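The values are calculated or read from the model by the stated rules, or taken from the named source; none is laboratory data. Bear in mind that the values here come from a model prediction, so they are computed numbers and not experimental data. Cβ placement follows ideal geometry from the backbone for every residue including glycine, while neighbour counts extend to all protein chains displayed. All accessible areas refer to the heavy atoms of the entire protein, side chains included, with ligands and DNA or RNA removed. Shrake-Rupley method; radii C 1.70, N 1.55, O 1.52, S 1.80 Å.
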Amino acid sequence: MRNCPLITEIRMESTCVGKHKLQEDCLVVNSHVKFLYLASNSCLNDESVKMIASVCPNLEIIDFSCCKRVSVGAVEVLLRCCKIQRMDLAGYRRELSQFQFRVNFQVPTLFLLNLSWCRISDQDLSLISKNCYNLKELNLDYCHEITDNGVKQVVKNCNQLRMLSLYSCEEVSCDVVAWMVFERPSLRKIIPPKFYNSGIASEKDFFWGRGCLLCLSEKEKHKWKEESSFLERRL
């Protein structure tokens, strides 16, 4: 970044970022960088992420998906980068004994968050929903520890929520889907915990009449993902 002071986007997916310790005296603050894609960097850790946050204060989009050693460092990004809008943390982190993502400060600019495969609890989800209250899209696929209580906190606190994905959230009941549609009229798309649930499928047209699409098959889910283009769309 020292040689490219006006660069706005950096893509370094599947590289060796984090393999070697970053030297702080070599880092230069660059306020022009807005988009940072670091997916699938298995060596990237929290220490490196904190340094990145300190030199890219105006980040808007960041992708840490499949970065198996990143957890609390992502929280530091939210704290230091006051313009952050989209963050992707998808991916199972088997190297970490505990996934730490406790957002105990307000992040009003964040509106897209992907936590699929992350080991978060209802308590974590409650903090996220209270402090990231402008979330419009939240992906919680394969978050096996969250329950109806955590999901209800999100729906109650995020009054602009439009898309919510709960696929394979084993502790979340399909019954909560109907409650979500009535409780949060802003919802437009939902992927329920399980597909082909006859109870939900029979009410799909009714929910559609309220302006909310239920994705009840893998085909519908993938179509939604393609249309959403989680981190690629620009505002």
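A 1.4 Å probe, protein heavy atoms only, puts the accessible area of Thr147 near 40 Å². Here the stretch 49-193 is described by how far its Cα atoms reach on the three principal axes: 44, 30, 21 Å, from widest to narrowest.
Surface composition of the stretch 22-77: carbon plus sulfur atoms contribute 49% of the solvent-accessible area (1.4 Å probe, protein chains only, all chains present).
Between the stretch 144-167 and the stretch 50-79, the C-alpha centres lie 23 angstrom from each other. Looking at the stretch 9-89, the GluC sites (Glu not before Pro) that sit in a DSSP loop and have at most 16 other Cβ atoms within 10 Å of their own Cβ are Glu13. Cross-linked pairs Lys156/Lys204; Lys83/Lys194; Lys156/Lys194; Lys136/Lys204: Cα-Cα separations exceed 27 Å for Lys83/Lys194. The heavy atoms of Leu138 present about 0 square angstrom of accessible area, all protein chains included, probe 1.4 Å. A 1.4 Å probe, protein heavy atoms only, puts the accessible area of Ser48 near 10 Å².
Kindly state, to the nearest 0.05, the FRET efficiency for Gln160 paired with Glu9, given R0 = 45 Å and r defined as their beta-carbon distance. Using R0 = 45 Å, I get an efficiency of 0.95.
Quotient of the Cα radius of gyration of the stretch 29-114 and 2.2 N^0.38 Å, N being its number of residues: 0.99.
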